[in-house]
Amino acid sequence: MTPEERTIRPGRMHYCPVCGHAIAQRMIGEVMDELGIRERTIGTAPVGCAVLLYDYFNCDIIECPHGRIPAVATGIKRMRPDNVVFAYGGDGDLLSIGLAETIHCANRGENITMIFINNAVYGMTGGQMAPTTLIGQKTITTPEGRMSTETGAPLRICEMFATLASPVFIERVAVHDAPHMQRAKQAIRKAFLNQIEGRGFSFVEILSMCPTHWKMGGKEACQFVGNEMASYFSIKKFRDVDG
């Protein structure tokens, strides 16, 4: 396969060092190449750190208004059911302004693949508190640490989706070390295969590093995912209708 035939375009990405977005997108591209679906795949890009998704993927990518990824992906899939459609977004996009659309998309069982990047913070806009910010975690809008008495607890979206009848695949993974990256890629592959086989809605949550806004070094950020984030957001498979 030549570089021009691969899903991920040659060249450098704009993400900060150790950012999980680059790792996740690389794995998505590898899965698309392995399944041979690049030419019929359409992705939806969020408003957030992944806003330039179309610069890195050698397939059709549609830029969405903030929080409207599930609606756009739904429309594409219903109009073009033979295409493979993946929705890609972060915690601010899918769980804040777009939470209602995300939940209803899952509840309807739309036959799409949704990849959710959870880095516990608003990355592109400067590091504000997100729906997934941990209790006690410091951000520019919670300088003393997030307090549940003021903002509630971090949202566990996989656990919420597990209460719905329609989703066929729900798994939370992480990309802070090689073994977890391997598991994450397997989950992404399964989520695409489910769509290709017409099974229904598949959701992969990826715990991801954001060393810039966490104000950490790369090693420390990876440890934060494996220790702090994973202790609250359990890394596990919540549902798989195919076993």
Only one of A71, A106 is at pLDDT 95 or above, over 15 Å from the mean Cα position of the chain (by Cα), not acidic (D, E) and not in a strand (DSSP E or B). Can you tell me which?
A71
Which condition from (1) under 18 Å from S208 (Cβ atoms); (2) of a type in the set (A, V, I, L, M); (3) modelled with pLDDT of 95 or more is the one that L99 breaks?
(1)
Examine region 92-106 for a residue that is under 23 Å from S202 (Cβ atoms) and of a type in the set (D, E), and state whether such a residue exists.
yes
Among the residues of region 79-87, is there at least one that is in contact with an Asp or Glu (Cβ under 9 Å, 6 or more places away or on another chain) and surrounded by fewer than 18 Cβ atoms within 10 Å (Cβ to Cβ)?
yes
Here are some conditions: (1) over 18 Å from A130 (Cβ atoms); (2) without any contact (Cβ under 8 Å) to a residue 60 or more places away in the chain; (3) aromatic (F, W, Y). F224 meets all but one. Which one does it not meet?
(1)
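Here is a yes/no grid of residues against (1) out of contact with any helix residue (DSSP H, G or I) (no Cβ under 7 Å at 6 or more places or on another chain); (2) at pLDDT 95 or above; (3) over 18 Å from L207 (Cα atoms):
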{"position": "N119", "(1), (2), (3)": "no, yes, no"}
{"position": "T125", "(1), (2), (3)": "yes, no, yes"}
{"position": "I135", "(1), (2), (3)": "no, yes, no"}
{"position": "T163", "(1), (2), (3)": "yes, yes, yes"}
{"position": "A174", "(1), (2), (3)": "no, yes, no"}
{"position": "A178", "(1), (2), (3)": "yes, yes, no"}
{"position": "I188", "(1), (2), (3)": "no, yes, no"}
Take region 180-198 and flag every residue that is within 13 Å of D242 (Cα to Cα), surrounded by fewer than 19 Cβ atoms within 10 Å (Cβ to Cβ) and touching a residue at least 60 places away in the same chain (Cβ under 8 Å).
L193, G198
Pick from region 141-163, criterion touching a residue at least 40 places away in the same chain (Cβ under 8 Å) and touching a Phe, Trp or Tyr at 6+ places or on another chain (Cβ under 9 Å), ranking: farthest from A50 (Cα to Cα)
A162
Filter result (polar (S, T, N, Q) and either at pLDDT below 95 or more than 19 Å from R189 (Cα to Cα) (or both)) within region 37-57:
none
Condition check for L155: touching a Pro at 6+ places or on another chain (Cβ under 7 Å) and either in a strand (DSSP E or B) or farther than 27 Å from H14 by Cβ (or both):
yes
Using beta carbons and a limit of 9 Å, which pairs, at least six apart or on different chains, have the first residue in region 80-100 and among the aliphatic types (A, V, I, L, M) and the second one surrounded by fewer than 16 Cβ atoms within 10 Å (Cβ to Cβ)?
V84/L35; V84/R40; V84/I196; I97/H66
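The values are calculated or read from the model by the stated rules, or taken from the named source; none is laboratory data. The structure presented is a predicted model; accordingly, all values stated were derived computationally and were not measured. In this analysis, Cβ positions are derived from the backbone assuming ideal geometry, glycine residues included, and neighbour counts consider all displayed protein chains.
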